[in-house]
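A quick write-up on the structure given underneath.
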């Protein structure tokens, strides 16, 4: 099992969610986050004054998938979240030791 964590632009969330559901990813956790990468934020104009926006709003999507689905899930997120512009985000893949469904006590892939 692996945990896939993707930091994406907020307006891409629905596309990513729908595409992951289509390939069989059962659930996900979504968190609104702020951060910056290489772009180091940006400047915005408000009533004639410039303001530096140091932290850009993003969405973090977390999914746990069986090993057989990892490559497909990563390529799906990459394809659906990509705009080709700076700030598209990152995808991280972590080894997942175990998963337990609290309600039934199922473990491993069965708990996903």
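Just a few scattered comments:
- Any hit, region 44-57, residues being in contact with a strand residue (DSSP E or B) (Cβ under 6 Å, 6 or more places away or on another chain) and in contact (Cβ under 8 Å) with a residue 24 or more places away in the chain: yes
- Options 89, 27, 108, 97; residue that is farther than 13 Å from residue 1 by Cβ and out of contact with any helix residue (DSSP H, G or I) (no Cβ under 9 Å at 6 or more places or on another chain): 27
- Filtered residues of region 2-59 (kept if surrounded by 13 or more Cβ atoms within 10 Å (Cβ to Cβ), on the phi < 0 side of the Ramachandran plot and in a loop (DSSP other than H, G, I, E, B)): 9, 25, 28, 36, 37
- Checking each residue in region 72-99 for being more than 19 Å from residue 37 (Cα to Cα) and assigned to a loop (DSSP other than H, G, I, E, B) picks out 96, 97, 98, 99.
- All positions within region 58-112 that are touching a strand residue (DSSP E or B) at 6+ places or on another chain (Cβ under 8 Å) and over 25 Å from residue 22 (Cβ atoms): 87, 95, 98, 100, 107
- Residues being in contact (Cβ under 8 Å) with a residue 60 or more places away in the chain, over 15 Å from the mean Cα position of the chain (by Cα) and surrounded by 14 or more Cβ atoms within 10 Å (Cβ to Cβ) - total across region 60-107: 3
Values in this text are rule-based calculations from the coordinates and carry no lab data. From a predicted model like this one, the values you see are computed outputs, not experimental measurements. All Cβ positions, even for glycine, are placed from backbone atoms using ideal geometry, and neighbour counts span all protein chains on display.
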